[in-house]
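Participant: Structure provided below as structure tokens; questions to follow.
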Amino acid sequence: MVLAQLGGSISRAIQQMSNATVIDEKALNDCLNEITRALLQSDVQFKLVRDMQTNIKKIVNLDDLAAGHNKRKIIQQAIFNELCKMLDPGKPSFTPKKGKTNVVMFVGLQGSGKTTTCTKYAYYHQKKGWKPALVCADTFRAGAFDQLKQNATKAKIPFYGSYTESDPVKIAVEGVERFKEENCDLIIVDTSGRHKQEASLFEEMRQVSEATRPDLVIFVMDSSIGQAAFDQAQAFKQSVAVGAVIITKMDGHAKGGGALSAVAATKSPVIFIGTGEHMDEFEVFDVKPFVSRLLG
Ligand code: GDP
């Protein structure tokens, strides 16, 4: 189920409940079951959905709601709050400080949109007066350095990488050092991916992280990966200190659930979303407007 459909289904379920002559336990249960179904079809992890249902039932105790209270509004608000809670881990991510040295490491599977997102992130900050730089520590995928170089050149952002060096840790350290000397305030390290979760990838991420000591590790995830989102995000979180999430390809047939699951697995907020292949198709992610838009 694509994101817009998810919002539509939830709104419809609430509307149907509102149309009922009396909002009793059955009407509430029917509504919550509809919402549960919509969330599961959108690949939200089962446990998250079940917790949400339990929480809403706890908040909305129909017997306690005195007559005259607008039950529909209370239920609607509870659903809104629960969806916000699912997307908000409760603590903000590290925010880079302009003018200081910030090292930001990007991790994610191959094809997630990591390299594209590194440039988008750099470009976004450059437009706001930062001095970003890109380091290509992806020695696994042939052509990775060329891709980063091409993107960086287009955006006029300094870059560092090598065609011959095969040690990602060495490149990452050299690149970070070089740009520290050049007083760049946002040093972005792009790392390798693999097609699937593999021990060697996580070991490499651990080593690059240990050597470059990033201020922030951003996990990049393709919004269309479905139920695999939770495990994938958790696997990265277990090897490096993921502090923020960026969800890509939200312009496509995105399922909303991946974002919810990634937040739950990493206990980190979504900070941006990718909405296209171009450099400026990149948006700041805010929970409340996102959920409002979702619910229409
Ligand atoms: P990496 O292997 O993780 O570094 O992934 P890439 O950055 O090479 O991206 C893989 C593909 O996804 C490329 O064709 C990108 O143009 C595309 N891509 C990345 N982000 C987005 C996005 O937000 N929307 C769309 N439609 N495509 C994207």
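A short reminder: the numbers here are calculations on the coordinates, not readings from a lab. What you are looking at is a predicted structure, and each value in this text was computed from that prediction instead of being measured. In this analysis, Cβ positions are derived from the backbone assuming ideal geometry, glycine residues included, and neighbour counts consider all displayed protein chains.
Participant: Restricting to the stretch 14-45, count the residues that are without any contact (Cβ under 8 Å) to a residue 24 or more places away in the chain and hydroxyl-bearing (Ser, Thr, Tyr).
Facilitator: Here the count works out to 2.
Participant: Go through the stretch 263-280 and give me each residue that's out of contact with any Gly (no Cβ under 7 Å at 6 or more places or on another chain) and either hydroxyl-bearing (Ser, Thr, Tyr) or within 15 Å of the ligand (Cβ to nearest atom) (or both).
Facilitator: Of the residues in the stretch 263-280, the ones out of contact with any Gly (no Cβ under 7 Å at 6 or more places or on another chain) are 263-267, 269-273, 275-280.
Within the stretch 263-280, 266, 270, 271, 272, 273, 275, 276, 277, 278, 279, 280 meet the criteria.
Participant: Still on this structure, I have one more. Return only the number of the condition from (1) away from the ligand (no atom under 16 Å from the Cβ); (2) polar (S, T, N, Q); (3) over 22 Å from residue 242 (Cα atoms) that residue 209 does not satisfy.
Facilitator: Condition (3) is where residue 209 drops out.
Participant: Looking only at residues that are part of a helix (DSSP H, G or I) and basic (Lys, Arg) in the stretch 95-131, which one is farthest from the ligand (Cβ to nearest atom)?
Facilitator: Filtering the stretch 95-131 for residues part of a helix (DSSP H, G or I) gives 114-127.
When the remaining residues are screened for being basic (Lys, Arg), the result is 114, 120, 127.
Values: 114: 3, 120: 8, 127: 18 Å.
Ranking the qualifying residues of the stretch 95-131, first place goes to 127.
Participant: Same structure again: Considering only residues that are surrounded by fewer than 15 Cβ atoms within 10 Å (Cβ to Cβ) and either within 17 Å of residue 57 (Cβ to Cβ) or in contact with a helix residue (DSSP H, G or I) (Cβ under 8 Å, 6 or more places away or on another chain) (or both), which ones fall in the stretch 82-95?
Facilitator: 84 - this is the single residue of the stretch 82-95 that is surrounded by fewer than 15 Cβ atoms within 10 Å (Cβ to Cβ) and either within 17 Å of residue 57 (Cβ to Cβ) or in contact with a helix residue (DSSP H, G or I) (Cβ under 8 Å, 6 or more places away or on another chain) (or both).
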